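The values are calculated or read from the model by the stated rules, or taken from the named source; none is laboratory data. Source: prediction; values computed, not measured. All Cβ positions, even for glycine, are placed from backbone atoms using ideal geometry, and neighbour counts span all protein chains on display.
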Amino acid sequence: MDRIQRNMSLTGEPPKTLNTTQKIATLWGMIGLAILLLAGFNLDFPNKGIWLVVSLLSITGGIILFAKGAYGNELEGIKNHGVWFKSVSSRGFWGWISGIALTGFYVILYFYAEFLGLNANGENTGVIALFDPLSRILSGNPASQWFVYGTLYTIAIFAFGIKFIWKYRHNRYERIRTMSVMFFQTAFAFLIPEFMARLNASEAYNLPYYDLKSVWPLNYYLFDSYSLDGLLSSGNLGLYMLIFGVASIFIITPILTFKYGKRWYCSWVCGCGGLAETAGDPFRHLSDKSTFAWKVERWVIHSVLVFALVMTTALVSTYLGNDPNAYWLTKDVFLIGVGVFLTLLFAAIWFFKRDALKKDARYGAISYFVIIIALLGIHYGSGNDNIFLFEASTLRQWYGFLIGAIFSGVIGTGFYPIFGSRVWCRFGCPMAAILGIQQRLFSRFRITTNGGQCISCGNCSTYCEMGIDVRAYAQKGENIVRASCVGCGICSAVCPRGVLKLENGPMDDRIDANQVLLGNDVDLMTLVNKK
C-alpha cells in the first residue's frame, strides 16, 4: 500500500519523538563515543587496534542507522523535520552546549594535545595512543593529535555524508557531489598524505605534509621554507608536487571556475565545505541573512585574502636571496614581478569588468593599494629572515594560529550550532574569496530563476548556508550570480515549485538578467524576439 503524506506543510512541522531504530542507533553510537571518552581519562585499553575499530565502527554505524530511522520510511522530498522546534538546531540550550563542547574539543586538540595523551618524547597515552595502531599501519609513525583530528574528520564526513545522501536522495546533484567530497576527503586529504609520510622512511624523500586537494591560499604552508626545502630535496616527485601546486593557482583553478563556478571546489572537493555540508547540514538555516552580516562578510573575507597574499609574498621573499649568481629568481625580481602581475590583473579587471564591478571597484582599489604598500614595505623594511620588525617564522606562526586554528578550526567548525555551518567559508576562507572573485567576474555558472512560478515560501533563503536572500532573486526572476554562492544546490533542492536551476551558460546577460514576473510591465514578445 502506498504511503500518503497528509500533512503537506513545509514550515510548521513539529519534531517527532525518536523511533525505536533511532534509539538503538543513539545507544550504538554512544558506545563508540564512550570508548573514546574512557581513553581520554587514560584508561589503558589492551589490544588498542581492536578497541579503536569497535569505537569508530560504532560511531559510524550509529549515525547511519539513525539516518535510516529518520528518513528510511519517509517519502522522497524535503521537509523541515522541525529544525526550528529542536533545542540543538535553534540556538537553544542544547545548541549552546553542543557549540561549547565542540569548541572546547578543538581548543584542547589544537593547543593542549598533551591532555589527550600526546607525548613527543615517549609513548603516547590516552586517546592519542588508541589511534597509534592505525597510524603505524598507514604512515609507519605513532599517532599525533593531527592524525586523530584527520581520522575523526574523515569518519564524520563519511558517516554524515551517508545521512545527507539518504535525506536528499530525491536529488541526483546532491547525491553525486556528496560522494565526491567523501572521496576527496578520504583519499586526497587523509590517506595520500599518510602514504607520503611513509615514503620519508627512505633517504631519497623529505616530503612535507601535503593535502593535494588544498590549493593556495588555503594551503598557506606550501611556500614556507621547510615545505620548499622538503619538496626541492625530494627529487622529481617533490618538484612535480611543487609545480602542481603552482599550476593549481594560476591554471587549474581559473579554468574550472570559469566552466563550473566555485562549486567545483567549495562543494565538490574541499574538506571544510564537505564537513559543513554533511555534519553541519542540521544547522545550515542558522546563517545570518542580514545586510549587516553581508557587509561584514565582504570586508573580513577579503581582508583575510589580502593578508594571505602579503604574508605569502613576504615569506617567499625571505626564502630568496639578492645574489643573481646564486638564485635564478632573486628577491627583488620576485617582488617586482608580483607588483607588475597585480597591476596588470587589476587594470584588466577594471577595464573589462568596470560595469559589472560598480561600487565593488572601490574595495578592489583599496585592496590593491594595501598590497602595493605592503610590497614596498617588504622590499625596504625587511632583511633575509625578517619582515619589518618580526621574524618571518613568527609571522607565519601567528597567521597559522589566527586564521588556520582559531578562525578555521575553533570558530568555523566548533560553532556550527550557533552561527551556522559555513562560518569559515563565508567570512574567513581566502580560497573562497579568490574563487568568489573569479565566479563573479568571468564564470559561466549562475542559478537561473522562474519568477512566475515562485510562491514566496522562503525555503530557499532559509536553507542558504551562505546567507543569501535567494527568494528576493526568485521573486524577480533574476539570475543569482553572487561571489559567496558555493553552488551547493540546496536552494533548488528545497524549492517545491522547481523555480531554481543550477546552470552553466553564456556570459551574455548573465548578471543583468531580464526581470520577468507575471504582472510586470514587460513586453514579452519583444523579449522573446531578443532571444
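Which number in (1) at pLDDT below 90; (2) over 26 Å from S492 (Cβ atoms) marks the one condition that V54 misses?
The number of the failed condition is (1).
So that you can scan it fast, the table gives a plain yes or no per residue for (1) in the same structural domain as T151 (by TED's automatic domain parsing); (2) among the basic types (K, R):
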position: I35; (1), (2): yes, no
position: T60; (1), (2): yes, no
position: K68; (1), (2): yes, yes
position: F105; (1), (2): no, no
position: V127; (1), (2): yes, no
position: L134; (1), (2): yes, no
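Looking at E478, E465, can you tell me which residue is of a type in the set (D, E) and out of contact with any strand residue (DSSP E or B) (no Cβ under 7 Å at 6 or more places or on another chain)? Don't jump to the end; show me each part of the working.
Working: E478 fails: out of contact with any strand residue (DSSP E or B) (no Cβ under 7 Å at 6 or more places or on another chain).
Every option except E465 fails the conditions.
Condition test on I137, is it surrounded by fewer than 17 Cβ atoms within 10 Å (Cβ to Cβ) and within 20 Å of Y71 (Cα to Cα)? Show your work before the answer.
Values: surrounded by fewer than 17 Cβ atoms within 10 Å (Cβ to Cβ): yes; within 20 Å of Y71 (Cα to Cα): no.
No: the conditions fail for I137.
Would you pick out the residues in the stretch 128-147 that are outside any loop (DSSP other than H, G, I, E, B), under 15 Å from Y209 (Cβ atoms) and in contact with a helix residue (DSSP H, G or I) (Cβ under 7 Å, 6 or more places away or on another chain)?
S135, L138, Q145, F147
To keep it simple, each residue is scored yes or no on (1) of a type in the set (S, T, Y); (2) modelled with pLDDT under 70.
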{"site": "N322", "(1), (2)": "no, no"}
{"site": "D332", "(1), (2)": "no, no"}
{"site": "I336", "(1), (2)": "no, no"}
{"site": "L342", "(1), (2)": "no, no"}
{"site": "L345", "(1), (2)": "no, no"}
{"site": "W350", "(1), (2)": "no, no"}
{"site": "A356", "(1), (2)": "no, yes"}
{"site": "G364", "(1), (2)": "no, yes"}
{"site": "Y368", "(1), (2)": "yes, yes"}
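Among the residues of the stretch 77-89, is any modelled with pLDDT under 90, of a type in the set (V, I, T) and part of a helix (DSSP H, G or I)?
As a first pass, look at the stretch 77-89 and keep what is modelled with pLDDT under 90: 77-89.
Checking which are of a type in the set (V, I, T) leaves us with 78, 83, 88.
From what's left, part of a helix (DSSP H, G or I): 88.
Within the stretch 77-89, one or more residues are modelled with pLDDT under 90, of a type in the set (V, I, T) and part of a helix (DSSP H, G or I).
Only residues that are closer than 22 Å to F66 by Cβ, small (G, A, S) and crowded, with 17+ Cβ neighbours inside 10 Å: list them for the stretch 25-51, please.
A25, G29, G32
Would you be able to say whether some residue in the stretch 471-490 is surrounded by fewer than 16 Cβ atoms within 10 Å (Cβ to Cβ) and either over 19 Å from G273 (Cα atoms) or touching a residue at least 12 places away in the same chain (Cβ under 8 Å) (or both)?
Yes; the residues of the stretch 471-490 include at least one that is surrounded by fewer than 16 Cβ atoms within 10 Å (Cβ to Cβ) and either over 19 Å from G273 (Cα atoms) or touching a residue at least 12 places away in the same chain (Cβ under 8 Å) (or both).
Among N206, N236, which is polar (S, T, N, Q), in a helix (DSSP H, G or I) and either at pLDDT below 90 or touching a Phe, Trp or Tyr at 6+ places or on another chain (Cβ under 9 Å) (or both)?
Working: N206 fails: in a helix (DSSP H, G or I).
Matching residue, one of N206, N236: N236.
Mind checking whether some residue in the stretch 444-465 is within 28 Å of T312 (Cα to Cα) and in contact (Cβ under 8 Å) with a residue 60 or more places away in the chain?
No, that holds for no residue.
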